[in-house]
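In what follows, a single structure is set out as structure tokens and then discussed.
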Amino acid sequence: MSTKQPSPGLKMALEYGPIILFFVGYVFLKDRVFTVGGTEYTGFIAMTALFIPLLALSTLALWRLTGHISKMQIVTLVLVVGFGGLSIWFNDERFFKMKPTMIYLLFAGILGFGLMRGQSYLESVMDAALPLQREGWMILTKRLALFFLFLAVANEAIWRTMSTDAWVNFKTFGLTLGTFGFFMSQAKLFAKFGIPEDAPKD
């Protein structure tokens, strides 16, 4: 299996392409109704059915290109297939809307469990890309666990109290921009606890 790293642009397209395509497709299909086997499905359910194979194909492409996919990507794919499949099977969009909540609660729980054991599970998956001192990893892990909890609560509040349009916008732009914003806000931590590339390793 090849371990060649794809270009940053291609990697970003594979990671975020399915989300963008879901948004674009929803915008065009949200007011349409599709009848399959005598059952009517909204545009949201139709795009959910398309999103599942799109995400699976993009994850497979990343694996083929890099020879590796993270545990977070695997868990995300499994939950998308699970909750997306439930939405399609029961013709109920609520299952798919719950999916981000389950993902963020799971990630927060895993990070929190590691912290209780005095470990940073985040370090084990990001150390190569983001070398930090141990204290820095522990602080970042605690902050990210709390951030994931916040995202889970925000997702629940939005899908339960707002329109489907609002939730789709939140899922497409809010979650993505929020994640980028979180890591950008940690600049001082990275500067304080970062390990120079030429520093000797233990």
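Since every read-out is calculated from the coordinates, none of them should be taken as a lab result. All of these numbers come straight from a predicted model, not from anything done at the bench. Positions of Cβ are backbone-derived with ideal geometry, glycine not excepted, and every protein chain shown enters the neighbour counts.
Name the residues in the stretch 124-145 that are touching a residue at least 24 places away in the same chain (Cβ under 8 Å) and over 19 Å from residue 192 (Cβ atoms), would you?
Residues satisfying the conditions are 125, 145.
With the structure loaded, tell me whether residue 149 is surrounded by fewer than 18 Cβ atoms within 10 Å (Cβ to Cβ), in contact with a helix residue (DSSP H, G or I) (Cβ under 8 Å, 6 or more places away or on another chain) and either assigned to a loop (DSSP other than H, G, I, E, B) or of a type in the set (A, V, I, L, M) (or both) or whether it fails that test.
Judged against the criteria, residue 149 is a match.
I'm trying to understand the selection: among the residues of the stretch 166-199, which are among the charged types (D, E, K, R) and surrounded by fewer than 10 Cβ atoms within 10 Å (Cβ to Cβ)?
Residues satisfying the conditions are 188, 197, 198.
Give me the pairs, please: first residue somewhere in the stretch 39-50 and touching a residue at least 60 places away in the same chain (Cβ under 8 Å), second residue anywhere and crowded, with 18+ Cβ neighbours inside 10 Å and among the small types (Gly, Ala, Ser), beta-carbon distance under 9 Å, and either six or more positions apart or on two chains.
44/87
Would you tally the residues in the stretch 21-55 being part of a helix (DSSP H, G or I) and either touching a helix residue (DSSP H, G or I) at 6+ places or on another chain (Cβ under 7 Å) or within 11 Å of residue 91 (Cβ to Cβ) (or both)?
Total satisfying the criteria: 18.
Within the stretch 96-114, is even one residue hydrophobic (A, V, I, L, M, F, W, C), at negative phi and in contact with a strand residue (DSSP E or B) (Cβ under 9 Å, 6 or more places away or on another chain)?
no
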